[in-house]
Amino acid sequence: MKKQIITLGVAALVIAAAAAAQAQALDAATLARFDQGPAFINVSKYPEAIQGRYKIFEHTCSKCHRLSRPINSDFATPDEWSRYIKRMMYKPGSGISRRNAKKIYEFLVYDASVRKKALLDSKLAKMSASKKAVEEKKIAQVHKEFDDQ
């Protein structure tokens, strides 16, 4: 009986390790897809303050990875960008301050609501009414702050 339990435990670990390896491979494939796209956004029609935030995004984020990664990612909602930026902030050597993280977030939320509007709308449509309202409020706040400049 003890031998069977140990065997089952080892089998479970092997299966878990294989699943983790497959998940990492999918992640690597997704990252490769994002990395292959354009690494520049034409922000000339964006408000001046958002253009400035793009420069911060460009300078800061290119220290650790190609800009094409976030530009071509399938992140579009404010919560997705918030999680992504927080994850990057805590990577060793990222040097992303809270102040710059906020500016990068503002740029990415603004940009997603303009350049990735179809993707954003699709994601919002799949959310509960309350979650959608929260996300739309965050987007509206960013636009309210920058559109009238």
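What do you reckon, is PRO38 exposed (fewer than 14 other Cβ atoms within 10 Å of the Cβ) and at pLDDT 80 or above?
yes
Within the stretch 97-120, the residues that satisfy the criterion of being aliphatic (A, V, I, L, M) and touching a residue at least 40 places away in the same chain (Cβ under 8 Å) are ILE104, LEU108, VAL114, LEU119, LEU120. Of the helices (runs of 4 or more DSSP H) lying entirely inside the stretch 46-149, those containing at least 2 residues that are of a type in the set (A, V, I, L, M, F, W, C) are 48-61, 78-89, 98-115, 117-125, 129-146. Scanning the stretch 42-86 for residues that are surrounded by 17 or more Cβ atoms within 10 Å (Cβ to Cβ) and in contact with a Lys or Arg (Cβ under 7 Å, 6 or more places away or on another chain) returns ARG53, ILE56, ALA76, THR77, PRO78. Filtering the stretch 97-141 to residues that are crowded, with 20+ Cβ neighbours inside 10 Å and among the β-branched types (Val, Ile, Thr) leaves ILE104, VAL109.
In the stretch 65-76, the count of residues that are within 18 Å of LEU31 (Cα to Cα), charged (D, E, K, R), in the same structural domain as GLU48 (by TED's automatic domain parsing) and in contact with a Gly (Cβ under 8 Å, 6 or more places away or on another chain) is zero.
The values are calculated or read from the model by the stated rules, or taken from the named source; none is laboratory data. Keep in mind that this is a model prediction, so the values were computed, not measured. Cβ coordinates were reconstructed from backbone atoms using ideal geometry, including for glycine residues, and neighbour counts include every protein chain displayed.
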